[in-house]
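The values are calculated or read from the model by the stated rules, or taken from the named source; none is laboratory data. All values derive from a computational prediction rather than experimental measurement. With ideal geometry, Cβ positions are generated from the backbone for all residues, glycine too; neighbour counts draw on all protein chains shown.
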Amino acid sequence: MREMIPAQRRVRIVELLNERRAVRVSSLSDRLRVSEMTIRRDLERLEAEGLLTRTHGGAILKRHMAEEPHYVDNVATHAAEKERIARAAAATILPGETVFLSSGTTAARVLRHVSPDLEARVVTHNVGALAEAHGLRLELILLGGRFRPRSNVVDGPAAVEFVSRFHAGRLLIGVDGFDLREGLTTPSLGIAGVERAMIGHTRGEVVVLADQSKIGVVADVVICGLDQVDVVMVDDGVDEEVREDMRRLGLRCMVV
């Protein structure tokens, strides 16, 4: 194979990222027949252009989320992976504990897997969680505020104020975007405001629920940096190098 010029090589790297979402320096070096140092320089430049996020051994595709996704559209997306993550998250809720539960379809599914006999308190702005709470002994508290049908949540100043009335032992937070550099993001100012308040009133662990489709996604509104996260629950479709980078950042990464 004739050696590509740098611009062609970087185009090919982006094509491979679009196909696979994650690439490794060693495999790119072999495939493109250049040194690993050359590949690292290419990745550094592509990261500066906002096309990817570098990991310890490669890179993941950076995707921009411009607008709020529709809740109903997200229900069927990566449903099996979300179900496994939700089941694992439900198992972490302790008897008598107060838990904040975020927006999103994965977070709503958590209540589907809670034991009917568990007595605990769940505080949420996720209207979708109500449908999963039938037959449970949980005390479920829905925050007041403005209802947003697109995201199936309640937000606004009233919801933020209501959060301040609780101190939770745990926050289970589904995300629109999870990026190793940019942290947790969402297109919605309202959702970000409520969930930042939840983080501020959580005494114990902040647990992120993120299936593979959320990794490398960046939206315009920051919820928090990864320094405010304790645990990330992911499915086994998330690249091992990415999971290792999470651990290097001090996160406990649980694969389900």
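For the reader, a short list of remarks on this structure follows.
- Positions within region 209-222 being under 12 Å from Asp179 (Cα atoms) and either in a strand (DSSP E or B) or touching a helix residue (DSSP H, G or I) at 6+ places or on another chain (Cβ under 7 Å) (or both), in sequence order: Gln212, Ile215, Val217, Val218, Ala219, Val222
- Counting the residues of region 89-112 that are assigned to a helix (DSSP H, G or I) and surrounded by fewer than 17 Cβ atoms within 10 Å (Cβ to Cβ) gives 1.
- Residue ID - surrounded by the most Cβ atoms within 10 Å (Cβ to Cβ), chosen from residues in region 237-255 that are assigned to a loop (DSSP other than H, G, I, E, B) and modelled with pLDDT under 95: Val238
- Filter result (crowded, with 16+ Cβ neighbours inside 10 Å and either aliphatic (A, V, I, L, M) or in a helix (DSSP H, G or I) (or both)) within region 21-37: Ala22, Val23, Val25, Leu28, Ser29, Leu32, Val34
- Within region 183-216, tally of residues that are more than 18 Å from Glu68 (Cβ to Cβ), polar (S, T, N, Q) and touching an Asp or Glu at 6+ places or on another chain (Cβ under 7 Å): 1
- Residue list for region 171-201, restricted to those being of a type outside the set (Asp, Glu), surrounded by 23 or more Cβ atoms within 10 Å (Cβ to Cβ) and within 13 Å of Thr124 (Cα to Cα): Leu171, Leu172, Ile173, Gly174, Ile191, Val194, Met198
- Residues (in a helix (DSSP H, G or I) and of a type in the set (Gly, Ala, Ser)) located in region 113-147: Gly128, Ala129, Ala131
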